[in-house]
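One structure is given below, encoded as structure tokens.
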Amino acid sequence: MTIAVDFDGTIVKHRYPEIGPEIPFAIETLRKLQEEGHKLIMWSVREGELLDEAVEWCRERGLEFYAVNRDYPEEESDKNNHFSRKLKVGIFIDDRNLGGLPDWGTIYQMIHNNLTYEDLLEHYEHEDERAQKKVKPSVWKRIIGR
């Protein structure tokens, strides 16, 4: 699958135009997804030198993107020096998602197991129900003092 990944607020904390500290497990998770055969595209509002700095920051940490702000490395820009602004990807990972950015462990589970966010929520609801059934009512009474 081809995955578009934002940089500021997704891989690193927002400090634009500076590069903020890495969000825990971002680079590690993205490298793991690459190892599993996914193509990663950096999709950022950064341009020019600021974009080059972000790409190099990732490269220094062992993360090399398939393409940067384009669908594929050889994509030609139009006469106004713009690339297609509509990427052809399966997933966008971006802190501006409705509901915000899940933690990188959740992101990995969703992609690796081909789960929607609703699938994941349902899984956790069932897990909570199973955990509650394992505790005997007498234990609950002792915990809450009744």
(message) Name the residue that is most open to solvent (accessible area, probe 1.4 Å), counting only residues in the stretch 1-25 that are under 14 Å from the mean Cα position of the chain (by Cα), charged (D, E, K, R) and farther than 11 Å from TRP104 by Cβ.
(response) LYS13
(message) Would you confirm whether or not the stretch 35-49 contains a residue that is over 30 Å from HIS123 (Cα atoms), part of a helix (DSSP H, G or I) and either open to solvent by 20 Å² or more (accessible area, probe 1.4 Å) or in contact with a strand residue (DSSP E or B) (Cβ under 7 Å, 6 or more places away or on another chain) (or both)?
(response) yes
(message) Among the residues that make up the stretch 117-138, is at least one of them touching a helix residue (DSSP H, G or I) at 6+ places or on another chain (Cβ under 9 Å), at pLDDT below 75, open to solvent by 40 Å² or more (accessible area, probe 1.4 Å) and part of a loop (DSSP other than H, G, I, E, B)?
(response) yes
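The values are calculated or read from the model by the stated rules, or taken from the named source; none is laboratory data. Small disclaimer: the values here were computed from a predicted structure and weren't measured. In this analysis, Cβ positions are derived from the backbone assuming ideal geometry, glycine residues included, and neighbour counts consider all displayed protein chains. Protein only, heavy atoms only, side chains kept; ligands, DNA and RNA dropped before computing areas. Shrake-Rupley method; radii C 1.70, N 1.55, O 1.52, S 1.80 Å.
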